[in-house]
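Encoded as structure tokens, the structure appears first; notes follow it.
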Amino acid sequence: MRTDGTVLYRFPTPRSGPLRLPADSVLLQKLQSGATQGFFNAVSPGDGHARLAAFRRLNGQPLVVSYAIDPGEYLSVWRTHAVVLGILAVLLSVGLLTIEQLAARRAERETAMLRSLVTETERRQHAEAAMTQMQKIEALGRLAGGVEHDFNNLL
């Protein structure tokens with residue numbers, strides 16, 4: 001379209017002749033304020049439906065390229081993406097919770113096994129200490145028996 005609001009080409013092609021934007025059009029107001037590009041929400045003069053529109057003025061030319069889309073079109077895509085991402089987030093959360101529970105169970109088993117190992121180690125250390133004490137007493141008994149035998153032989 002030209003910067004004065006005359007539409008040079010429109011798709012789909014309008015049924016009537018050349019189209020001209022009304023003077024109170026948001027696009028014309030933005031162009032008159034000096035904007036060279038931008039986005040805005042407005043009602044389409046062609047069909048009366050609300051649209052999200054974008055425009056850009058061509059450098060050095062009195063021409064503007066604009067595009068408008070029905071919010072339902074991009075919102076339906078956005079909703080689809082949001083649902084897919086939501087489902088993926090739920091699945092990932094369930095997976096992470098499952099992994100966390102498995103890790104917690106494994107940690108509990110390993111803690112129980114470590115306690116069992118510590119208990120067995122302590123029991124073994126006590127048994128080894130008792131065995132060492134018995135060996136000392138046995139050695140003392142043999143020494144005393146040897147001294148007694150030698151004393152007996154002297155007598």
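The values are calculated or read from the model by the stated rules, or taken from the named source; none is laboratory data. These numbers come from a predicted model, not from an experiment. These area figures cover heavy atoms from the full protein model, side chains too; ligands, DNA and RNA do not enter into them. Shrake-Rupley method; radii C 1.70, N 1.55, O 1.52, S 1.80 Å.
So if I take the centroid of the Cα atoms in segment 94-155 and the same for segment 52-89, what is the distance between those two points in Å?
Answer, in whole Å: 76.
Could you state the accessible area per residue of segment 1-117 in Å², with a 1.4 Å probe and every protein chain left in place?
78 Å²
Name the residue, out of 72, 141, 86, whose mean-square fluctuation peaks in a Gaussian network model built on the chain with Cα pairs under 10 Å.
Looking only at 72, 141, 86, the largest GNM fluctuation is found for 141.
Kindly provide the pair-distance distribution of segment 1-80 built from C-alpha pairs, with 5 Å bins from 0 and whole-percent values in order of increasing distance.
Bin by bin from 0 Å, the calculated values are 3, 14, 25, 27, 16, 9, 5, 1, 0.
Rg over Rh of segment 83-151, using C-alpha atoms and the Kirkwood radius, what does it come to?
Rg divided by Rh gives 1.69.
So what's the back-of-envelope 222 nm ellipticity for the chain, counting only DSSP H runs of four-plus at -39500 (n - 2.57) apiece and dividing by all residues, rounded to 500?
After summing the helix terms and dividing by residue count, I get -22000 deg cm²/dmol.
Within the P(r) computed for the chain, what percentage of the Cα pairs occupies the region above 27 Å?
65 percent
Can you give the extra length, in nm with one decimal, that the chain gains between residue 6 and residue 26 once fully stretched, where that is 0.36 nm per residue apart less the Cα-Cα distance?
In short, 5.8 nm is gained.
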